[in-house]
1. Could you tell me whether any residue of region A:184-191 is over 18 Å from residue A:259 (Cβ atoms) and surrounded by fewer than 19 Cβ atoms within 10 Å (Cβ to Cβ)?
2. Taking interchain pairs and intrachain pairs at least six residues apart, which have beta carbon atoms under 6 angstrom, with the first residue in region A:93-113 and under 24 Å from residue A:72 (Cα atoms) and the second at pLDDT 95 or above and part of a helix (DSSP H, G or I)?
3. Does any residue of region A:420-428 turn out to be within 15 Å of RNA strand B (Cβ to nearest atom) and over 25 Å from the mean Cα position of the chain (by Cα)?
4. Considering only residues that are crowded, with 22+ Cβ neighbours inside 10 Å and outside any helix (DSSP H, G or I), which ones fall in region A:289-322?
5. Looking only at residues in region A:334-373 that are within 24 Å of residue A:492 (Cβ to Cβ) and assigned to a loop (DSSP other than H, G, I, E, B), which one is farthest from RNA strand B (Cβ to nearest atom)?
6. Identify, please: which residue in region A:323-333 is more than 7 Å from RNA strand B (Cβ to nearest atom) and buried (at least 17 other Cβ atoms within 10 Å of the Cβ) and is, among those, nearest to residue A:40 (Cα to Cα)?
7. What single numbered condition from (1) over 30 Å from residue A:12 (Cβ atoms); (2) at pLDDT 95 or above; (3) under 31 Å from the mean Cα position of the chain (by Cα); (4) not in a helix (DSSP H, G or I) fails to hold for residue A:169?
RNA sequence: GCCAAGGUGGCAGAGUCCGGCCUAACGCAGCGGCCUGCAGAGCCGCCUACCGCCGGUUCAAAUCCGGCCCUUGGCUCCA
């Protein structure tokens, strides 16, 4: 049983066959650090995180690189806003920090490196020079453009026909270009104040002068074009030829198409074997995006629902399918997560109880574990179908509940197998955190809740149900859900 | 206009690559029952889908082919 993936380049689902299984190269097209991230970005990260985790789980050696675009006119547009700072670098640093925080909150596995554009200017210039030397690019007015008519395969990723493409890039550049579809590799000078002001908040004074960083180049002072960065960074940190390129589907054209053109024209090798595009997150029928203002930030989502629910949500639709964000869809994710978590806790409690015996063996429970592992694996191997994988865990959850409900003497080993399945697959592959304490005071809070529950138990034993219910209601108001079971009361924060 | 991806129950979402186990998975919501002092959780059961429309191929199609309609994304910064 092997892994199949949907490759945008071929338009088909194909068997995954990396060049070197010990060294699978994965590049995730990161984001421009001009604002806090939103759930749409988080979806891409979590999906690519799960892909990388699954590849590792299958035994591949994976090297994962994810970039930050820290040179961009939208960043320049925010200079002087609040305490963001007065320079492009300062604003970028602020949001890089914010994004790293979001990634940590979402429990993403760390990438090997998070390169930034600003520290790769020499490599970018080198690629542009190579392209000029090879005749794929030309200089005009201190800028350098890629000549799409020179690159035979242009359009192979997105299906675009060069002659049908209206124009790429700013209107002011059009006159300099030989062909409307040509795109900038290097842009002369600093950011035009007019371009930056388009993205600038109305509360701020508009920029008057050209702004943003510039670097010296063979063509004069200027800034790198957007598309070359990814070519430079993936080549620098991985190789001319990589196995997997992950990105949002809104970047297929022109960004990824242009990456292919630059990289392949420069190196002569195929740039990426598998192009995996994560479809977009939508709200009310349109994509969630910063420019539309209809977004939910990662920070707000994590704060309101917690990392596990957010991850469960973001993994609830396969990456090849667009996903809807709504009250209903996020609360479904919450239910799914809590169902898995409760079963995990139930199995843990049962295994820890005095009714768990080394010599008891239960075929149904053990079979359920085996079934769950198989179903999980075949779902993940089928194009990283994480929702299907979660469904496998939910089936195991039902089996655990049924078992613990029915039986008096527990199969210790069977329960541990179930627990390990939740931990290895739910935790290790899907990135959920089981039994995570919510903060440093959790222990004290837990002790206090136990104390209140003991008092409530005495009231219940004495038949004082009104008093018992009052205690339960007041705990609920504090965010503690109390549940009575045969073995006493339990609580969840 | 051009390019790309989709349209499956009230919602959400697998299945479509390799046609038959799909009288359509898992889940949410809803309904009934068990359990419970009550509630919750859990368990059992029910509910609603002829799989966008029309034609074709086939013994057999949600799955293959053709046409049409609709939605979303891209062609301008965008994960």
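1. Within region A:184-191, the first condition is being over 18 Å from residue A:259 (Cβ atoms), and the residues that meet it are A:188-191.
If we keep only those that are surrounded by fewer than 19 Cβ atoms within 10 Å (Cβ to Cβ) too, we end up with A:189.
Yes - at least one qualifying residue is present in region A:184-191.
2. That search, which allows pairs on different chains as well, returns A:102/A:298; A:113/A:237.
3. No, region A:420-428 has no match at all.
4. Matches in region A:289-322: A:295, A:315, A:319.
5. Among those that are within 24 Å of residue A:492 (Cβ to Cβ) and assigned to a loop (DSSP other than H, G, I, E, B), it is A:354.
6. A:325
7. (2)
Okay, residues lined up against (1) over 32 Å from the mean Cα position of the chain (by Cα); (2) modelled with pLDDT under 95:
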| residue | (1), (2) |
| --- | --- |
| A:174 | yes, yes |
| A:181 | no, yes |
| A:197 | no, yes |
| A:205 | yes, yes |
| A:215 | no, no |
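The values are calculated or read from the model by the stated rules, or taken from the named source; none is laboratory data. This one's a predicted model, so the numbers in the text were calculated from it and none came from an experiment. Heads up, the Cβs are rebuilt from the backbone with ideal geometry, glycines too, and the neighbour counts pull from every protein chain shown.
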